[in-house]
Amino acid sequence: MIRYTVKRILMMFLTLFIVTTITFFLMHSVPGDPLASMAKKLPDYAVQNFYAKYGLDKPVTEQYFIFLKNLVTEGDLGESITKPGRSVSQTIAETAPISAQWGFIAMFIGIAIGTFLGIIAAYNRGKWPDYVVTFIAMLGVCIPSFVFASLLQYLLAGKWRLVPTAGWGKPIHFILPVTAAIFGPIATYARYTRSSVLEVLNQDYILTAEAKGVSRSGILFKHVLRNAMLPLITMIGPQVAGVFTGSFVLERMFSIPGLGRYFVESINARDYTMIIGTTVFYAALFIFSVLIVDLVYGLVDPRIRLSGRKA
């Protein structure tokens with residue numbers, strides 16, 4: 001297990017290096033630069049000073065090695081070009097927790113409701129609860145979260161005046177973004193839970209347990225859930241990263257000062273350092289989440305550890 005973990009960690013750093021390199025050169029291959037619009041209003045010497053300050057007057061390869069050196073030795077992701085004096089690391093440290101606050105709440109509520117609905121659908125296959133859950137899952141998959149957000153803003157905030165349309169800082173501000181964000185996880189986990197539970201219910205050991213007189217709840221908790229859990233755990237890794245990467249539009253709609261909102265603004269302003277820094281952060285978060293999920297496999301199903309030893 002230790003050997004496998006070390007190997008995965010090394011692969012994680014290699015993947016992160018590749019993502020960082022590709023992102024850096026892709027950003028610098030796009031015509032123009034973030035200082036182009038500002039430079040029109042400044043004299044030539046001031047423009048040269050700006051370019052020198054951010055290292056944009058150097059060759060791209062030299063800029064890359066400087067960025068890589070600062071990242072590895074100091075953990076420095078650079079300074080925002082469009083917001084002078086504000087480092088990318090500082091922005092991530094201040095805004096990522098805000099995205100996590102409401103994002104993880106939405107994720108866990110969505111996973112819980114989706115798993116529950118998937119179990120109900122599987123145990124009532126071909127009956128009306130199954131059709132209702134399937135219909136809900138189809139709506140959640142087909143309709144984007146910002147459509148639900150617009151509908152919630154119109155009904156709860158505009159028409160019924162129950163909650164504020166947008167804002168941040170009070171518990172009541174969680175209601176609209178969390179409600180809009182849970183439909184995706186509900187749909188995803190309802191579908192996958194239904195399929196996983198149905199597959200387990202068709203196994204011979206379930207028939208054996210029923211023949212021995214094991215109660216329905218005992219079969220569910222002792223046999224079905226544990227064996228159907230692996231596909232669900234697999235999705236948690238991308239879901240954790242999706243808490244930050246999937247919240248761009250919602251944070252803009254509800255005026256939440258989270259990381260997704262700043263990421264969109266940096267793209268519009270072509271803020272090189274901010275885009276590269278947040279991309280590195282997203283990639284690291286996603287890769288680390290996948291690593292944790294792989295390690296949890298061995299705790300949930302000992303057969304995975306056994307097969308690893310045989311290999």
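The values are calculated or read from the model by the stated rules, or taken from the named source; none is laboratory data. Predicted, not measured: the structure shown is a model, and the values here were computed from it. Note that each Cβ is placed from the backbone with ideal geometry, even for glycine, and that neighbours are counted across all protein chains shown. Heavy atoms of the whole protein, side chains included, go into the accessibility calculation; ligands, DNA and RNA do not. Shrake-Rupley method; radii C 1.70, N 1.55, O 1.52, S 1.80 Å.
When segment 229-272 is limited to residues that are polar (S, T, N, Q) and assigned to a loop (DSSP other than H, G, I, E, B), the one that is least open to solvent (accessible area, probe 1.4 Å) turns out to be Ser247.
If the condition is being open to solvent by 50 Å² or more (accessible area, probe 1.4 Å), under 21 Å from Tyr189 (Cβ atoms) and not charged (D, E, K, R), then segment 213-227 contributes Ser217, Phe221, His223, Asn227. The residue of segment 9-47 that is farthest from Tyr282 (Cα to Cα), among those that are polar (S, T, N, Q) and at pLDDT 80 or above, is Ser29.
Within segment 158-187, track down each residue that is over 24 Å from Thr95 (Cβ atoms) and of a type in the set (A, V, I, L, M). Once the filter is applied, which keeps residues that are over 24 Å from Thr95 (Cβ atoms) and of a type in the set (A, V, I, L, M), segment 158-187 yields Leu162, Ile186, Ala187.
Could you tell me whether segment 184-197 includes any residue that is β-branched (Val, Ile, Thr) and farther than 30 Å from Leu291 by Cβ? No, segment 184-197 has no match at all.
Look at segment 119-145: where a residue is farther than 27 Å from Asn202 by Cα and a partner is assigned to a helix (DSSP H, G or I) and among the aromatic types (Phe, Trp, Tyr), sitting 6+ places away or on another chain with Cβ atoms under 7 Å, you get Gly140/Phe183; Ser145/Phe183.
The rows are residues; the columns are (1) assigned to a loop (DSSP other than H, G, I, E, B); (2) under 22 Å from the mean Cα position of the chain (by Cα); (3) at pLDDT 95 or above.
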position: Leu162; (1), (2), (3): yes, no, no
position: Gly169; (1), (2), (3): yes, no, no
position: Gly184; (1), (2), (3): no, yes, no
position: Ala187; (1), (2), (3): no, yes, no
position: Val200; (1), (2), (3): no, no, no
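Looking across segment 188-210, the residues that are of a type in the set (A, V, I, L, M, F, W, C) and either under 20 Å from Ala112 (Cα atoms) or open to solvent by 20 Å² or more (accessible area, probe 1.4 Å) (or both) come down to Ala190, Val197, Leu198, Val200, Leu201, Leu207. Every condition in (1) polar (S, T, N, Q); (2) farther than 29 Å from Pro231 by Cβ; (3) without any contact (Cβ under 8 Å) to a residue 40 or more places away in the chain holds for Ser150 except the one numbered (3). For segment 156-178, a residue qualifies if it is within 18 Å of Ile105 (Cα to Cα) and of a type in the set (Lys, Arg), and exactly one does: Lys170. Among the residues of segment 213-244, the one identified as among the hydroxyl-bearing types (Ser, Thr, Tyr) and touching a helix residue (DSSP H, G or I) at 6+ places or on another chain (Cβ under 9 Å) is Thr234.
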